[in-house]
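The values are calculated or read from the model by the stated rules, or taken from the named source; none is laboratory data. Note that this is a predicted model, so its numbers are computed, not measured. Backbone-built Cβ (ideal geometry, glycine too); neighbour counts: all protein chains shown.
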Amino acid sequence: MIQILFISLITIAIAIAANIIFGRKYSQHISIAAVLLVLIYMSYSISAFTSGSLAVSESLPYISSLGISLHFTLTPISIMLITMSLIVTLAAIVWQGIRGANTRSINSLLLLFLLSAIGLFASANLFLFYIFWDVGVISVFFIIRSFGSASRDVASKNFLIYSIFASALLLFAIMLIYFYTPVGSFNISYITAHSYEIPIDIQESIFMLMFIAFAIKMPVFPFHSWMPNAYSDAPTSGSVVIAGVLSKFGAYGMLVLFYLLPVAETLKTYVYAIAVVSVFYSAFAAMRQNDLKKMAGYTSMIESGIILAGIASLNYLGEYGSVYMMLAHGFTIALMFIAIGSLEFAYGTRSISILKGAVSSAKSASYSFMLAIFGSTGMPLTAGFIAELMIFIGTVSAFGLYGIVPLAGIILLGAYMYLAASRSIMSTKEKLSEVGIIGKSQKAAMAIAIAAVLFFGVFPFIFLNMVKI
């Protein structure tokens, strides 16, 4: 079954090359076909894992003298995150529509980013993890820099500075792991089995370095300063993959970190405290925004904080709940940014105060935005509901009644966002003088995201059965 992963990576690589060669006319068709093909491959993997497999891996020698190999593993977690990445990227590509010469370039960058996501989530070697991490950063930088809004220069530079800093910390931590394991290795399973032999003070240093690197990428407070401009100044398709997928680079890395080092057990309470602070900070920051994209960015931060809380619980339900939350959040935040991008496409603004009564002529985008709000607050039958339920059972088991504290932040933000939307976009007392027109590609992208939010909310067992929940 690991051959499916290699075929998937090759399929995306061929699609990138085909985009460059033939993409002026056929970019959209090539990109969508490639993503759909890989989705079909992943569907086969899901059925194989449901039948009882736990993990499959393949290692090819690369630089054996340094312990570097092309080592990939498919697990239920990686299958979940790869599937989410494929669906979110598909929605981003579809949203683009056919827009002349730029279509080829941005679709190529979106496919390159998807390649990095698939590789990172399947990496069983820290060397590969780091390579795919940086490929994702490079592709997102050029998406913001080349196709963003008027402030894209500042946004892309801030993003790059924070990303370089995070990459440097991650690389330093990986080097420490390599030198302090009995036999220098980048193999994640080997490191996990022998990490108890690393001195405690070195473990703490490694944990701190990797924690900051992953917290920047998620992002969580106080390592989030790059986020507002990057999310708001990226093109809509860029915002979709940054919030929906790139943030999971950090979340997945955080999950690996907690499995990797025994010292995580003694530090989990501090991490949980950071998660709680991040949830409430993000909720209050979101309430101060008039730009819908920035509000959505802080909403995304809240869910990143919830994911971090689940990981910090270090128990089965909390950790697998956080993984399902990664999947749910990917779909929900993608829907939110697609709806916002569609409103901006129709009216030329993202201002909450200006978009009063948009529902009268842009019903599809307005109702999609409301569904995204409900999904982000864990409404039953959306994918976020079962994820938050699992996380809070896990956090209460680990931290007692303190485990439900982040729930107050979700309720607070949900109430505010519903109130703000009902007085703005969903207001029936006012109508915009301009009639907004939502294109077919925007509606199709919203339909993809809505289908994912509801499908994995109604049928969570498709993935949860793989991990015996």
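Is one or more of the residues making up the range 156-169 farther than 17 Å from Phe258 by Cα, among the charged types (D, E, K, R) and assigned to a helix (DSSP H, G or I)? Within the range 156-169, one or more residues are farther than 17 Å from Phe258 by Cα, among the charged types (D, E, K, R) and assigned to a helix (DSSP H, G or I). Here are some conditions: (1) surrounded by fewer than 20 Cβ atoms within 10 Å (Cβ to Cβ); (2) in contact (Cβ under 8 Å) with a residue 12 or more places away in the chain; (3) hydroxyl-bearing (Ser, Thr, Tyr); (4) assigned to a helix (DSSP H, G or I). Ser342 meets all but one. Which one does it not meet? Every listed condition holds for Ser342 apart from (1). Go through the range 186-220 and give me each residue that's of a type in the set (A, V, I, L, M) and more than 16 Å from Gly253 (Cβ to Cβ). Ala193, Ile198, Ile200, Ile202 - these are the residues of the range 186-220 that are of a type in the set (A, V, I, L, M) and more than 16 Å from Gly253 (Cβ to Cβ).
Taking the range 103-151 on its own, how many of its residues are among the polar types (S, T, N, Q), closer than 29 Å to Tyr178 by Cα and in a helix (DSSP H, G or I)?
The qualifying residues number 2.
For the range 196-234, a residue qualifies if it is small (Gly, Ala, Ser) and either part of a helix (DSSP H, G or I) or crowded, with 24+ Cβ neighbours inside 10 Å (or both), and the qualifying residues are Ser205, Ala213, Ala215, Ala230, Ser232, Ala234. Residues in the range 296-319 that are of a type outside the set (Gly, Ala, Ser) and crowded, with 24+ Cβ neighbours inside 10 Å: Thr299, Met301, Ile302, Glu303, Ile306, Ile307, Leu308, Ile311. Picking from residues in the range 212-241 that are among the aliphatic types (A, V, I, L, M) and closer than 13 Å to Ala296 by Cβ, the one that is modelled with the highest pLDDT is Val240. From the set of residues in the range 242-290 that are outside any helix (DSSP H, G or I) and polar (S, T, N, Q), which is nearest to the chain's Cα centre (by Cα)? Here the answer is Gln289. Counting only residues that are within 22 Å of Ile340 (Cα to Cα), in a helix (DSSP H, G or I) and either in contact (Cβ under 8 Å) with a residue 60 or more places away in the chain or among the charged types (D, E, K, R) (or both), the range 85-102 holds 11 of them. Could you list, in sequence order, the residues of the range 449-464 that are of a type in the set (A, V, I, L, M) and in contact (Cβ under 8 Å) with a residue 24 or more places away in the chain? Those that are of a type in the set (A, V, I, L, M) and in contact (Cβ under 8 Å) with a residue 24 or more places away in the chain: Ala449, Ile450, Ala452, Val453, Leu454, Val458, Ile462, Leu464. Considering Gly238, Gly148, Gly184, which residue is within 18 Å of His329 (Cβ to Cβ) and either under 17 Å from the mean Cα position of the chain (by Cα) or touching a residue at least 12 places away in the same chain (Cβ under 8 Å) (or both)? None of the other options fit; the residue is Gly238. Of the candidates Ala91, Ala173, Ala124, Ala155, the single residue that is over 20 Å from Ile206 (Cα atoms), among the small types (Gly, Ala, Ser) and over 18 Å from the mean Cα position of the chain (by Cα) is Ala155.
Where residues in the range 363-382 are touching a Leu at 6+ places or on another chain (Cβ under 9 Å) and assigned to a loop (DSSP other than H, G, I, E, B), which of them is surrounded by the fewest Cβ atoms within 10 Å (Cβ to Cβ)? Across the range 363-382, the extreme among qualifying residues is Leu381. Reported count of residues in the range 269-285, each being within 20 Å of Lys217 (Cβ to Cβ) and buried (at least 18 other Cβ atoms within 10 Å of the Cβ), is 10.
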